[in-house]
Amino acid sequence: MNAREADVIVVGAGLSGLIAAREVLRAGREPLVLEANDRVGGRILTEEPVPDVFLELGAQWIGDTHHRMEALASELGIGLYQQLEDGDTSYEFGGRILRGEAFHSAYADEVAQVERVLRTLDAMAESVDVAAPWAAPRADEWDRISVGQWYDQQGLSAVGRELLEICTVGILAVPTVEVSLLGLLVNVVTCGVTADLLSESEGGAQTKRFVGGTGQIPQRLADELGERVVLESPVLTIDVGDGVVTVGCRGGLVAKGKQVIVALAPTLAGRIMYDPPLPGVRDQLTQRLPQASAHKSFVLYDEPFWRDEGLNAQLISDAGPARMSNDSCMPEGDGGPGIILAFLEGENARVQGRWPDEQRQAALRDELVRHFGPRAAKPELIVEGAWVERQWTRGCYNANPGPCGWIHFGASLAEPIGPIKWAATETALAWSGYMEGAVDAGQRAAREVLADLG
Ligand SMILES: Cc1cc2nc3c(=O)[nH]c(=O)nc-3n(C[C@H](O)[C@H](O)[C@H](O)COP(=O)(O)OP(=O)(O)OC[C@H]3O[C@@H](n4cnc5c(N)ncnc54)[C@H](O)[C@@H]3O)c2cc1C
């Protein structure tokens, strides 16, 4: 039997687990990180299919208020570059394609309706405390209804309702009927998502990227931890004894520590066997926090031809298969290919995402031609990332509770159970669901174990 010992065992070498382990080490305690996969980074995954062309199959952007991530990048010596937004967005509704201003004037009423709904959400969110959403004065009412049901009651026209659906699914990656209204309000508070819903980039989550790829961040953190990170060690069991936590992995590794940080999305954390068993409420929580459904398709061309036409590579479409896209090129001035990133989210990830590659990619090409012209018909390469198929993630971008999730189970999301502490972005109070949240949660879990270790 292969055995290791440490003060704190960390389960998962995603960003949250790595940050937690580094905080523990910096405080003079020994961490040991057990990772199921053959790489670190989890939902961060950069591929380089062509030299110096970095495709973010996982997390790609940070926003202007992601201060923890900006500080981390600067500390690790990783530069940032601005997401290009200049140019017109192309909109497709009811078979009609309109660019920029033409869409905004043809559908001025619909855009105004959506704006009104977003401002209503902002006002409602003011009474929600992210540390205790279930205690909001109207929590009970808001958690018993889905976002989709509530949207249906807002007096929107068919196009206004569809526009709001597309933009919301662009953030949550699940149909709005699956998410509790209180859950969306929590997102509004922790992430200010209404700023992102209509692609107002200021205050949004997608303004900057990492030069050389996001994947450098977990890799450099893991380098700092050295042999304290053990790959290909899926954790199967966590046994809590008297002052000792024993963590068993597939493959036979057994790690003993005083504390354990489980830095996994809740649904994956629920697949570990705990002894003694976890309280029922915690297990029921993990049964009710499914990972969302998103699929990224990068379409590479010889150059960013759309810029010559005054377009910004962004589309919003009621037809699909991608409901949204954007410009995913390397920093301006670096040359390199033109890259459009098409998003299949929610039902599109579940339906078209499962089509045979050839069928889906042909449909994607047709869609891009409709929006960006005939040059879009001949990409040099298409690279796609289907996260549902990845055993150690099983969906993305993160988890969203359905109705009654928060009021009945929310309190157990990050509540420690003796020496077991919970990290991962889903447990964050700031920017939950994003890398910023993963850092926030990792730091909080580290503080909790360090406090217990005295
Ligand atoms: C396609 C996609 C796009 C995204 N875009 C953005 C973006 O632009 N900006 C942004 O901020 N965020 C984005 N995100 C979200 C961001 O990636 C996550 O919020 C963040 O990386 C989560 O980190 P984590 O450490 O909490 O979880 P994870 O990254 O999921 O880490 C968990 C780790 O645990 C491992 N693991 C699982 N089960 C076990 C087990 N039993 N034993 C041991 N190890 C296990 C996994 O392999 C993984 O390494 C995106 C995510 C995806 C997938």
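Some notes on this structure:
- Each part gets one Cα centre, and for region 386-427 versus region 58-76 those centres are 22 Å apart.
- Positive-pole candidate from 368, 454, 164, dipole of the chain, charges at beta carbon: 454
- Sparse packing (at most 12 other Cβ atoms within 10 Å of the Cβ) combined with a DSSP loop state is found for the following trypsin sites (Lys or Arg not before Pro) in region 199-250: 250.
- Region 1-146 pair-distance distribution - Cα-Cα, 10 Å bins, rounded %: 8, 19, 23, 29, 16, 5, 1
- Packing order of peptides 434-441, 278-285, highest average first: 434-441, 278-285 (average count of other Cβ atoms within 10 Å over each peptide's residues).
- Label separation (residue 105 vs residue 303): 3.1 nm, computed from points 7 Å beyond Cα along the C-beta direction.
- Think of the chain as a dipole: +1 on every Lys or Arg Cβ, -1 on every Asp or Glu Cβ, centred on the Cα centre; then among 336, 133, 61, 133 lies furthest on the positive end.
- In the chain, the longest principal axis of the Cα atoms and the axis of helix 357-372 are about 50 degrees apart.
- Both radii are taken from the alpha-carbon atoms of the chain; with Rh as the Kirkwood radius, Rg/Rh is 0.97.
- Dipole of the chain [Lys/Arg +1, Asp/Glu -1 at C-beta], most positive-end residue of 274, 218, 430: 274
- Relative contact order for region 104-197, counting Cα pairs under 8 Å that sit 6 or more residues apart, in percent: 40
- With contacts taken as Cα pairs under 8 Å and at least 6 residues apart, region 354-454 reaches a relative contact order of 14 percent.
- In terms of packing, defined here as the mean over residues of other Cβ atoms within 10 angstrom, the peptides 172-179, 80-87 line up highest first as 172-179, 80-87.
- Extension gain, residue 359 to residue 332: 0.36 nm times the residue separation minus the Cα-Cα distance gives 6.5 nm.
- Loop-located GluC sites (Glu not before Pro) in region 201-284 whose Cβ has at most 15 other Cβ within 10 Å (DSSP): 202, 232
- Stokes-Einstein D in µm²/s, Kirkwood radius over Cα pairs - region 104-197 at 4 °C with 1.567 mPa s viscosity: 97
- For the chain, the relative contact order comes to 25 percent (Cα pairs under 8 Å, sequence separation of at least 6).
- FRET E, pair residue 206, residue 48, Förster distance 22 Å, beta-carbon r, rounded to 0.05: 0.55
- In degrees, nearest ten, helix 158-172 long axis to first principal axis of the chain (Cα): 30
- The ranking of 134, 306 from fewest to most other beta carbons within 10 Å of each one's beta carbon is 134, 306.
- ³J(HN,Hα) computed for each position of region 420-435 - Karplus, 6.51 cos²θ - 1.76 cosθ + 1.60, integer Hz, glycine/proline x: 8, 10, 10, 10, 5, 4, 4, 9, 7, 8, 10, 6, 4, x, 10, 4
- Charging the Cβ of each Asp and Glu at -1 and of each Lys and Arg at +1, and nothing else, the dipole of region 104-197 about its Cα centre rounds to 40 debye.
- Mean Cβ neighbour count within 10 Å, used as a protection proxy, ranking 21-27, 388-394 highest first: 21-27, 388-394
Here, each number is a calculation from the coordinates, and none is a lab measurement. It should be emphasised that the depicted structure is a prediction, and the values quoted were computed from it without experimental measurement. Every residue, glycine among them, receives a Cβ derived from its backbone with ideal geometry; neighbour counts consider all protein chains shown.
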